[in-house]
Each structure stands twice: as C-alpha cells, then as structure tokens.
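The values are calculated or read from the model by the stated rules, or taken from the named source; none is laboratory data. These numbers were taken from a predicted model, which means no experiment stands behind them. Because the Cβ atoms are built from the backbone with ideal geometry, glycine has one as well, and the counts that use them run over all protein chains shown. Surface accessibility is based on the protein's heavy atoms, side chains included, excluding ligands, DNA and RNA. Shrake-Rupley method; radii C 1.70, N 1.55, O 1.52, S 1.80 Å.
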Amino acid sequence: MAELVSSSLRRGVHLLVEAGTGIGKSFAYLVPAALFVATLDDGPGGAEESGSERSAGADTSDSHRIVISTRTIALQEQLFQKDIPALLTALGGQVPIQATMVKGRGNYLCLRRFLTNTDVSQIRHHPTIEENDAVLLANWLKKNPQQLADRSLIPFPISPSLWETICCEVDSCPGRRCPHCDACHLFRARREQEKAGLLITNHALFFADLALRRSGFQGIFPSYSACIFDEGHHLEAAATAAFTVHLSLARISGLLETTNRFLDGKEGDETVAEATAGLRHTATGLEKAAVGFFTRLPAELGLETYPGGREAKLLREEVLSTPLFLTELGDLREALASLEHCLSLSDVQEADLTALKTRWGKLQEELIFSRELAEADRHIHWAEGILQGTQASLHYAPLRVDELLAEALFASAPAIITSATLAAGENLDYLASILGVSDYTGRVFDSPFDYENQTLLYLPAKAPQPDSPAYVPFLAREIGRLTTASSGRAMVLFTAYSTLKEVHRQLRAELPSGFTLLRQGDAPPPQLLQAFREAKSPVLLATDSFWEGVDIRGDALSLVVITRFPFTPPNDPITAGRLEHLRRTGGNPFREYSLPRAAIKLKQGFGRLIRSSEDRGVVAILDSRALSKSYGTYLLRSLPPAGRTSTLAEVESFFAGKPPA
C-alpha cells in the first residue's frame, strides 16, 4: 500500500485503496507522504523534477504540503499526537518534516473581540461564571504571551457562552486591518501551517475550506500538492454537508439581534443618525416578513406536530410554485435586499459593520440562489418543522457531489482515498462514481487476520421479518441467549433507537444476574466504553455512532450482534431526495443507492469484533433477509470469509473452545 501511495504522489494520479483491519494503513500513507514532501523541498525528485508528473492545477512553486484529512477528531489526534511522532522517531531525524493540526477559526481566541466584549478591570465582587473565566483568561494570557490561545490548549475550561463572544469569526475578522494582527492567535496558527509539510485536519473543515474557495473567499488552508483522505467512505456526506444551506427564522433573528446591538452602540452619534434610523426601519420590515413566512410554513406544507419532534418534507416543484413561495418568500427577499442595500450605503468603517454587511450579503445570495436552484432540479429542497412550536426552516443540498468535486477538488491535485471499508460488494467503482473520481488506480488489501478461524458468523435459521410484530421479542430472546453463551462481552448494534429502547426493556428480564446492561444515551460514549471495559460481563446496546471507530481488543469484546441490515433511513430528506430522483429518472434506487451503502456500513459493524490477530469471537446477524432475500447474498459476500453457522449450539461450542461439528 505504501508503494501505491508513493507512486500516486509521484505520478499525480488518484488512488482509492481499501485496507482491511490490521494492514496499518496510517503508516502506509504517512511514510510516503513524509518522504514525498521532504523530497519536494530538497534533493532528487524535487519540485522541478516531479512537478511535470503531477496533475494540472497543482501549485509546484510553494505548495510542497500534503493535507491529511480524517472524519473523526479521535483519528486526527492519533495521527498528530502518536503516529507522526513515532514515524519521525523511526526516521531518526533524517527526514525533517513539520506537521501541524489545522482547526477552524472558532478554536482560537480573537484578541479584538476579547478586549471589546470583556473589561476585566470593571469586575468587582461576586463575578458571574463568564466574568470569572474572563479574569482567568486575561491572567493566563499575561503570564503566557508565547502560548497559542487554542481553546484545547488553554489549561482550564471556558464557559461556552463566553467563548462564543471572544472566539475568532470569519464574518467579523478585519484581517490585516486589525490592530492586533501581529499578535493574532489565528494568524500565528496559520503562519505555523505555512511552515508545515503535513497538515492534519478533518473532513468537515476540509470541505468548508473548499466551499469558501468556490464562493470567492480566502480559504483556510495554504496551497498544497496532494490530499490524503482516511475514513474516505464519509467523503460524500461531508461534502454534501459543506454545500448544504439552511435558512430559518432563528438565523435571521440572530442577525437582526446583532444588527440592533450594533445600532444601539451608535445611539447619540449624530454623524450616523440618519443611516441608523433607516437601518432600524428596514430591519423592522425584514423581521415582519421573516416571521410571517417561516411561521406560515408548517400549516402551508401540512407538517404535523408532535411533542419534541421534527418532521422533514421534500419541497417538490408544485410546492415551490405556490403563492407562499412565489409571493411571501419574494417579500422576504426584497426586505433582505433592502437591508443589505442600507448597510452598503453606510460610510462607517468598522469591523463589526463589515461583518454585518458580509453576513447579510451572504444570506441574500443564498435566498436568491435557492430560487434559481428550484428551477434547475440540481438540488434537494426540504422544509423542516420545529413541531412543538409553529415554525419551520428551509434547507437545500446538492443532489449529487460528483461534478462539484470533480471540478473543485480532483482536477486540482492528486487524492488518495482510503478506509477499511471503501468497496461496495467487491469493487471500488461505486465510491469513485458518487465522488466524481475518474482515471484512478484502485486496490483492495484484505485484512491479514485469519477470519475463518478467529470468527464465527451466526445467521439464525428461523427469524421473523424486521417489520413483523414478533421481531422485537425475538431480538430480546436471541440476544439474551447469545450473550449468555458469550458471558456478556457483547456489543449489540441497532439501526433505530426506538427498537434499542424496547429491546433494552425486554432484555433486562432475559440476562442472568451479574451482567451489566449498558445503553447508548445513558452516558457519553467515552464513559460507556470505559464502563464496558471495566465490567465483568457487559452488554452494550448502541446505534449509529458505535458502528465504526470503536476499538476494543482482546477478550473484552467477544460478540457483536447486528440486529438489522443498516439501510439508510428513507425519512432522511437528503436520502429521500436522491432516491426520488433516481426513481424519476428511471434508475433503481435500491440497487444503485441503498444496497451499496448498506454493504459498506455492514462491513464497519462487522469490523468492530476482530481488532488484532489474537482476537476471537462471534458476529451474529439477526436479520432474516440475510438468508431469505437475494440481496442478502450480496451483503454477506462483502464481509470477510468467516465460518458460518445457523445453530445456537455451535455458537455455544465456539465460546466453549470446542471445534465445530
């Protein structure tokens, strides 16, 4: 794998590589990445030599960097704090590479906002939590002038309400015009990034940067030669989220509140009295238009109400042509345009006003864009009701991201995309097509683990259909029997929290005494995993976030139960919009969308069990469709080649250490 990554970087071609658990994929891309960057900086194969082979559009003059992006913060921190230091130690200082973490603006203290929004000299007796935190922070800054004020590095917690008012914001940043520019913690971090050869980040921030660049704003990252994406099966979702727009009354009201606070600060200033009066009048009109539109949405769209819930409804062409959208949304656009126009006429030169102009202008552009998209059939539109009250919000997301990424990402620099689960079925073409990757090299490296001897796959011969009333009682009984055979040490994965809760209720009567029954939602995930490791016979019931990224080695985890095939819920508006589009254009939504995604996620769930060559255990799939439906064969074929059984007696024998009959 390292040789493939090295070749991809040198030749400037895209690489998709699935690396099964135990391959060591982190080092398989870190080693060639470090050597490639070092070679570019100096010596044979440097920038001039290798530049002709890299993709058109990649900057070869000052971009001798590689961005390494992960989905989870845990993996991001593992790379930066553990794997890269180990690599540099192993290389014995012969490869002088600097690596740094790239974080969003909100992680850094803004000195201008801190000094403007807090006045620690005025704090007297009985300070609030925020005031006390502000004093602590002011003293820490004074004693540690060289320390970067990254929230994660500040050695005491800061209340969220205070941090929100003092962290860096893209809209309120005056850039080089700021009087604190030289001491700015964000700029200090960015200068460190300019020196680094390896930039470690996460998918959300990477695609936020991409969205900024496509909108004409300055990006977050310095220029780079190539990208490496670990946990690459999440790229489509991350890109979709970055290019999704959300419009709501809360968002407009928040901006109005910020605008009014700015205007309140100008009271008594005769030089801007006329401008502020006009702004107030326009802001009042906008508020009225926004309240009218967003509070009418639930009734107009028939969004049902129920306590504490939300309902999403796709907005089809006929809905987007109703008077509500053509007239009232038009009034909202006009009111917004009027406010933005008033802001543009102001001669006041202040960072806060500049920020307001930017934020209102962006919102106006999004409203105009939403109208254009409604006519283009390239985006998914939906409304989401806040169903305890009387409001709704509007959202639109790209129908596909392949063309967008092909143009904005893959045409600019070579990309290496890897994960333990990239292939749908037995090839990588599905992922390449939905991401817009063409002309790529692909390879699947199977895990080195001996699954046939380390793992037993249990598929019960008689199981009710998942939509049957008998399904949940069956789950409770079967999980009780399986976990009794395994002496606990079990993780049970669900696709719906409602099913988890009902199984939890019934399972309490099924488990023997001495077992510890844990349920996702009763504590934060790290605490649940710690409790699991410390308990003698734990049984953990969990949903989506535990299907991947959980690494429990040894005898502590010996049974993984998958209650149901992990098909994406069709009530998710983005999923529903994409399925409907496939249906409308003559495609097969199930075969082309739902099935390959379920195969990838099923492999993730299966992969929770065997984490080392010493591990041993059972994976039980309690979905009857594994044996009764033709697509069950497709899904099972995507899993490692474990031994199989359909009898509980063989499961018991496996845990007892007896050879299969």
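At-a-glance table
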quantity	calculated
Top-ranked residue in the range 482-516 [being in a helix (DSSP H, G or I) and in contact (Cβ under 8 Å) with a residue 40 or more places away in the chain; ranked as farthest from the chain's Cα centre (by Cα)]	485
Residue list for the range 309-329, restricted to those being farther than 30 Å from residue 498 by Cα and under 33 Å from the mean Cα position of the chain (by Cα)	317, 318, 319, 320, 325, 329
Selection from the range 173-211 of residues that are of a type in the set (Asp, Glu) and either within 29 Å of residue 95 (Cβ to Cβ) or part of a loop (DSSP other than H, G, I, E, B) (or both)	192, 194, 209
Some residue of the range 582-591 being within 25 Å of the chain's Cα centre (by Cα), aromatic (Phe, Trp, Tyr) and open to solvent by less than 20 Å² (accessible area, probe 1.4 Å)	no
Check on residue 392, more than 24 Å from residue 644 (Cα to Cα), surrounded by 21 or more Cβ atoms within 10 Å (Cβ to Cβ) and in contact with a Leu (Cβ under 9 Å, 6 or more places away or on another chain)	yes
Number of the condition not met by residue 448 [criteria: (1) open to solvent by 20 Å² or more (accessible area, probe 1.4 Å); (2) of a type outside the set (D, E, K, R); (3) assigned to a helix (DSSP H, G or I)]	(3)
Single residue of 602, 540, 579 found to be touching a Pro at 6+ places or on another chain (Cβ under 9 Å), surrounded by 16 or more Cβ atoms within 10 Å (Cβ to Cβ) and over 23 Å from residue 446 (Cβ atoms)	579
Among (1) in contact with a Ser or Thr (Cβ under 7 Å, 6 or more places away or on another chain); (2) among the β-branched types (Val, Ile, Thr); (3) assigned to a helix (DSSP H, G or I); (4) buried (at least 19 other Cβ atoms within 10 Å of the Cβ) - the single one residue 479 does not satisfy	(1)
Number of the exception - residue 170 against (1) touching a residue at least 60 places away in the same chain (Cβ under 8 Å); (2) assigned to a helix (DSSP H, G or I)	(2)
Residues located in the range 414-441, provided they are modelled with pLDDT of 95 or more, assigned to a loop (DSSP other than H, G, I, E, B) and of a type in the set (A, V, I, L, M, F, W, C)	437
Of the criteria (1) under 24 Å from residue 13 (Cα atoms); (2) open to solvent by 10 Å² or more (accessible area, probe 1.4 Å), which one residue 191 fails	(1)
Residues of the range 194-211 that turn out to be open to solvent by 10 Å² or more (accessible area, probe 1.4 Å), among the charged types (D, E, K, R) and either modelled with pLDDT of 90 or more or closer than 18 Å to residue 243 by Cα (or both), as a count	0
Single match in 119, 150 (criterion: of a type in the set (Asp, Glu), closer than 28 Å to residue 219 by Cβ and either open to solvent by 70 Å² or more (accessible area, probe 1.4 Å) or in contact (Cβ under 8 Å) with a residue 12 or more places away in the chain (or both))	150
Given (1) part of a loop (DSSP other than H, G, I, E, B); (2) modelled with pLDDT of 90 or more, number of the condition residue 94 does not satisfy	(2)
Unmet requirement for residue 433, which otherwise passes all of (1) out of contact with any helix residue (DSSP H, G or I) (no Cβ under 8 Å at 6 or more places or on another chain); (2) touching a residue at least 24 places away in the same chain (Cβ under 8 Å)	(1)
Residue count, the range 543-566 (criterion: open to solvent by less than 30 Å² (accessible area, probe 1.4 Å) and in a loop (DSSP other than H, G, I, E, B))	9
Residue pairs meeting the criteria (Cβ under 7 Å; at least 6 apart or on separate chains; first closer than 19 Å to residue 411 by Cα, in the range 219-247; second assigned to a loop (DSSP other than H, G, I, E, B) and of a type in the set (Gly, Ala, Ser))	223/63; 224/63; 224/413; 225/58; 225/63; 225/413; 226/413; 227/413
Check on residue 517, farther than 29 Å from residue 232 by Cα and of a type in the set (A, V, I, L, M)	yes
The one condition in (1) free of Cβ contacts under 8 Å to residues at least 60 places away in the same chain; (2) within 30 Å of residue 396 (Cβ to Cβ) that residue 571 fails to fulfil	(1)
Residues within the range 212-255 that are in a helix (DSSP H, G or I) and open to solvent by less than 10 Å² (accessible area, probe 1.4 Å), tallied	6
Among (1) at pLDDT below 95; (2) assigned to a helix (DSSP H, G or I) - the single one residue 395 does not satisfy	(2)
Extreme residue, farthest from the chain's Cα centre (by Cα), among residues of the range 24-38 that are at pLDDT 95 or above and among the aromatic types (Phe, Trp, Tyr)	27
Members of the range 517-542 that are of a type in the set (Gly, Ala, Ser) and part of a helix (DSSP H, G or I)	531
Residue list for the range 153-168, restricted to those being open to solvent by 60 Å² or more (accessible area, probe 1.4 Å) and in contact with a Cys (Cβ under 9 Å, 6 or more places away or on another chain)	none
Residue check, residue 127 modelled with pLDDT of 85 or more, open to solvent by 30 Å² or more (accessible area, probe 1.4 Å) and not in a helix (DSSP H, G or I)	no
Criterion: buried (at least 18 other Cβ atoms within 10 Å of the Cβ) and small (Gly, Ala, Ser) - qualifying residue of 90, 99	99
One residue from 569, 524 being under 20 Å from the mean Cα position of the chain (by Cα), surrounded by fewer than 17 Cβ atoms within 10 Å (Cβ to Cβ) and more than 20 Å from residue 626 (Cα to Cα)	524
